[in-house]
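The values are calculated or read from the model by the stated rules, or taken from the named source; none is laboratory data. Quick caveat, the model's predicted, so the values are computed rather than measured. Neighbour counts run over all protein chains shown; Cβ positions are idealised from the backbone, glycine included. Areas reflect the complete protein model, heavy atoms only, side chains present, ligands, DNA and RNA absent. Shrake-Rupley method; radii C 1.70, N 1.55, O 1.52, S 1.80 Å.
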Amino acid sequence: AVDSGWQAVDAYVSVVDGSARLERAGDVINDFEQVPLEVGDELRTTRGRVEVLFSDGSVIALDEYTEVTIDDPAAWRLHGGRVKVTWRAGTFDLNAAPAGAARLRTGGEYRITLADSRRGERELEVAVTRGSADLENALGRTQVRAGTRALTTASYAPSVPYAFSVPRDDFERWTESLESDRYGVESARYLPVELRYYGGEFDRHGYWSHHT
């Protein structure tokens, strides 16, 4: 068999809110909501946010001024900005070399940020609400558990984890609103776990009734 180099990702862009673009094989796609993703794609936001939905209900949300490249279906590269990852099962890697890499080892909820530190270095932060992740670089590794976060740069080994609480900022409210719309209120009571991320569609386009 001939390897064409093309590889699909089991995910698509579910929401584009504001200014963002998709770059694919040298082409810029500005209208890419509902577009399935491929390995090699680059997503970039400016004054906008993007949500990516996987078939199992996993979600990766990009905040404003964020750029990622899809190196593998379960291994993305973060060039800058902030993402929120709600992962259902299995592992997921987010590389931000040379600062470090976040390796999500279980399903859970994670926030990963790559920004300039006060020393002017690129600093990678991993914050865990649910689940467990490794933050690592060439100088060391630390395990980040639920309720904690850790930081690293290319010049320093990852810090020890310290307490973390979810920020109540615009990005968090935006992701919560999308989650509420997706799962719905009524349908979430009746759907099995693997179908609950269709709950919003059921709520908007139908109703539930009990038959005896």
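Results, tabulated for the structure shown:
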read-out: Residues of the stretch 151-171 classified as under 16 Å from ARG130 (Cβ atoms) and either of a type in the set (A, V, I, L, M, F, W, C) or not in a loop (DSSP other than H, G, I, E, B) (or both), total; value: 3
read-out: Within the stretch 59-74, tally of residues that are surrounded by fewer than 20 Cβ atoms within 10 Å (Cβ to Cβ), in a loop (DSSP other than H, G, I, E, B) and free of Cβ contacts under 8 Å to residues at least 40 places away in the same chain; value: 2
read-out: Members of the stretch 118-133 found to be over 27 Å from GLY90 (Cβ atoms) and basic (Lys, Arg), listed by number; value: ARG118, ARG119, ARG122
read-out: Candidate set: the stretch 92-127, residues that are basic (Lys, Arg) and outside any strand (DSSP E or B); chosen: the one modelled with the highest pLDDT; value: ARG105
read-out: Selection status of ARG141, farther than 20 Å from GLY80 by Cβ, among the charged types (D, E, K, R), modelled with pLDDT of 95 or more and touching a strand residue (DSSP E or B) at 6+ places or on another chain (Cβ under 9 Å); value: yes
read-out: Within the stretch 87-115, tally of residues that are closer than 16 Å to ALA138 by Cβ and aliphatic (A, V, I, L, M); value: 5
read-out: Scope the stretch 104-138; condition surrounded by fewer than 21 Cβ atoms within 10 Å (Cβ to Cβ) and hydrophobic (A, V, I, L, M, F, W, C); matching residues; value: ALA115, ALA138
read-out: Selected residue (only one of ARG47, ARG77 is in contact with a Gly (Cβ under 6 Å, 6 or more places away or on another chain), modelled with pLDDT of 95 or more and either outside any loop (DSSP other than H, G, I, E, B) or open to solvent by 20 Å² or more (accessible area, probe 1.4 Å) (or both)); value: ARG47
read-out: The stretch 118-134 residues that are among the polar types (S, T, N, Q), paired with ones that are modelled with pLDDT under 95 and assigned to a loop (DSSP other than H, G, I, E, B) (beta carbon under 8 Å, 6 or more apart); value: THR129/PHE164; THR129/VAL166; SER132/ARG105; SER132/THR106
read-out: Which listed residue, of VAL52, VAL39, VAL28, VAL35, is within 15 Å of the chain's Cα centre (by Cα) and of a type in the set (Val, Ile, Thr); value: VAL52
read-out: Pick from the stretch 139-170, criterion open to solvent by 60 Å² or more (accessible area, probe 1.4 Å) and in contact (Cβ under 8 Å) with a residue 24 or more places away in the chain, ranking: farthest from GLY100 (Cα to Cα); value: ARG149
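Condition check ((1) modelled with pLDDT of 95 or more; (2) exposed (fewer than 12 other Cβ atoms within 10 Å of the Cβ); (3) under 18 Å from LEU178 (Cα atoms)) across all residues:
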{"position": "VAL2", "(1), (2), (3)": "no, yes, no"}
{"position": "VAL15", "(1), (2), (3)": "yes, no, yes"}
{"position": "ARG21", "(1), (2), (3)": "yes, no, no"}
{"position": "ALA25", "(1), (2), (3)": "no, yes, no"}
{"position": "ASP41", "(1), (2), (3)": "yes, no, no"}
{"position": "GLU51", "(1), (2), (3)": "yes, no, yes"}
{"position": "GLY57", "(1), (2), (3)": "no, no, yes"}
